[in-house]
1. Here is a list: Ala397, Ala350. Which entry is in a helix (DSSP H, G or I), closer than 14 Å to Val288 by Cβ and in contact (Cβ under 8 Å) with a residue 60 or more places away in the chain?
2. Residues Thr162, Thr146, Thr189: which one is among the hydroxyl-bearing types (Ser, Thr, Tyr), part of a strand (DSSP E or B), on the phi < 0 side of the Ramachandran plot and in contact (Cβ under 8 Å) with a residue 24 or more places away in the chain?
3. Specify the residue that is farthest from Ala390 (Cα to Cα); the eligible residues are those in segment 292-325 that are among the charged types (D, E, K, R) and exposed (fewer than 15 other Cβ atoms within 10 Å of the Cβ).
4. Condition first: hydrophobic (A, V, I, L, M, F, W, C) and farther than 30 Å from Trp130 by Cα. Can you find one or more residues in segment 10-32 that meet it?
5. State whether one or more residues within segment 167-180 are over 20 Å from the mean Cα position of the chain (by Cα), modelled with pLDDT under 90 and assigned to a loop (DSSP other than H, G, I, E, B).
6. Kindly list the number of the only condition in (1) under 30 Å from Arg160 (Cα atoms); (2) modelled with pLDDT under 90 that fails for Gln27.
7. Looking at (1) under 24 Å from the mean Cα position of the chain (by Cα); (2) among the small types (Gly, Ala, Ser); (3) closer than 27 Å to Gly192 by Cα, can you tell me which one Ala321 breaks?
Amino acid sequence: MEKVKRTRAHVARLELSAAQVAVLDGQAHTARALWNLLHEYFTFRQGRFATVKECDEAIRAARREIDWMGQLPAQAAQAVLKTYRQAWVNFFNPDHPAKRPTSKARLRSRPAVDVPQARDLQIKRVNRRWGAVNLPKIGRVRFRWTKDLPGVTKGGPAGRITGARLVKDASGWQIVFRPQTMAAAVLDTHPGPVVGIDRGITVALALSDQTAREHGPWLTRGEREHLRRLEKRSARRRAARPPGQRTSHRLTRTYDQIARLRATAKRRAVNWRHQTTTELADTFSVVVVEDLKITNMVRSAKGTIEQPGRNVRQKAGLNRAVTGQAWGRTVTLLEYKTRERGGLVVKVPAPGTSQTCHRCGQRDAASRDGARFRCANPACGWTGHADTNAAINIRNAAGTAVSGRGDLGAARSAKRQPPRAA
């Protein structure tokens with residue numbers, strides 16, 4: 001059977017001391033500064049971009065002449081150059097949505113350090129809960145073991161680790177492994193049924209088979225109360241701070257606590273979406289969803305001075321609810337998971353799916369009253385859950401698809417074909 005290479009990142013939490021965190025923070029700031037220096041050197045030249053060779057020589061000279069540049073390992077510095085060059089390749093590729101590379105701000109960029117060579121990692125499993133890995137200029141560090149890594153444990157998946165990336169978020173430093181495995185190529189289409197999915201707020205995912213995939217709050221009751229009190233505390237301290245004065249250490253600690261709680265909620269939400277989309281991709285051969293313009297849906301209703309908006313606060317709350325459901329990420333996960341299993345994700349036009357009766361086809365905005373749908377046609381009179389009715393309409397509209405994502409040939413969207421080689 002034909003095999004293909006498959007790379008799926010695996011994220012694990014690192015257990016670091018305060019000194020090791022300080023070293024990694026310094027490396028991340030150096031990597032960001034190196035990116036900015038590369039950007040200036042690459043762009044501000046007399047009528048031409050600098051070559052990769054010139055940039056490499058400039059990095060080597062800077063590491064010899066500037067003391068703090070030595071904080072960043074040499075391989076990580078080369079990875080910054082490789083990533084920066086790839087950013088320009090993506091920008092000039094008409095099939096890639098990447099924007100023009102810019103400088104990275106200190107407070108708005110995500111701290112990260114690359115470990116491009118897998119041989120430097122020397123990954124070992126310590127016990128059931130922990131593994132150990134070598135990090136350049138830091139030493140041996142333990143990480144949370146939640147999944148067998150290819151080429152590390154006996155009896156684990158076949159393959160190898162090609163590298164890693166150290167990333168910092170509100171929860172602390174994490175390591176993102178790059179495992180590469182050999183998987184069987186998809187030769188046959190998925191044998192499962194077709195399903196329509198309506199993405200909502202009250203009901204996360206309503207399916208046309210009259211089932212739903214729902215979730216509870218991402219934070220417990222105690223965590224939500226703690227977050228509420230922290231937000232009130234930060235508001236009081238912001239109000240008491242004189243204009244122009246720097247943020248106090250107390251307020252900074254409060255911001256950090258808020259960020260950690262929100263990161264916990266996001267981590268749980270991503271975990272639920274991964275589990276749910278995997279189950280859907282395993283079950284159904286074709287998943288039909290609406291082609292929603294989410295960016296337009298979550299625009300602010302403030303308006304302008306001449307034409308101020310209406311119900312601005314209500315619209316802001318709706319925007320937060322829509323953004324919190326991450327409808328776009330859900331479809332992105334479904335696309336690659338169904339493709340790997342021989343399935344397909346199809347997008348259909350969105351207008352009318354929630355106002356049309358799936359049984360008789362009559363469209364009337366008055367038929368929907370919140371979560372209840374009652375057909376306005378006296379000869380039909382179908383009554384049921386509005387999201388289920390919309391999901392059935394979405395499934396029935398598969399013949400009018402505006403795009404498809406999968407391995408079914410002609411149904412695949414042309415604008416999402418693999419990027420051309422630069």
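1. Details: Ala350 fails: in a helix (DSSP H, G or I).
Residue meeting the stated conditions: Ala397.
2. On the way: Thr146 fails: part of a strand (DSSP E or B); Thr189 fails: part of a strand (DSSP E or B).
The match here is Thr162.
3. Pass one, segment 292-325, residues among the charged types (D, E, K, R): 293, 299, 302, 306, 310, 313, 315, 320.
Those still in the list that are exposed (fewer than 15 other Cβ atoms within 10 Å of the Cβ) too: 293, 299, 302, 306, 310, 313, 320.
Working: Lys293: 17, Arg299: 24, Lys302: 30, Glu306: 38, Arg310: 28, Arg313: 27, Arg320: 22 Å.
So, considering only residues that are among the charged types (D, E, K, R) and exposed (fewer than 15 other Cβ atoms within 10 Å of the Cβ), the one farthest from Ala390 (Cα to Cα) is Glu306.
4. Step one: of segment 10-32, the residues hydrophobic (A, V, I, L, M, F, W, C) are 11-12, 14, 16, 18-19, 21-24, 28, 31.
Now restrict to residues that are farther than 30 Å from Trp130 by Cα: none.
No, segment 10-32 has no match at all.
5. no
6. In the conditions (1) under 30 Å from Arg160 (Cα atoms); (2) modelled with pLDDT under 90, Gln27 misses (2) alone.
7. Tallying (1) under 24 Å from the mean Cα position of the chain (by Cα); (2) among the small types (Gly, Ala, Ser); (3) closer than 27 Å to Gly192 by Cα, Ala321 fails exactly one: (3).
Results for (1) farther than 30 Å from Pro94 by Cα; (2) out of contact with any strand residue (DSSP E or B) (no Cβ under 6 Å at 6 or more places or on another chain); (3) at pLDDT 85 or above, shown as yes or no for each residue.
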residue	(1), (2), (3)
Leu333	no, yes, yes
Gly361	yes, yes, no
Ala390	yes, no, yes
Gly399	no, yes, no
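The values are calculated or read from the model by the stated rules, or taken from the named source; none is laboratory data. Bear in mind the structure is a predicted one, so any value in this text is a computation, not a measurement. Note that we place each Cβ from the backbone using ideal geometry, even for glycine, and neighbour counts take in every protein chain shown.
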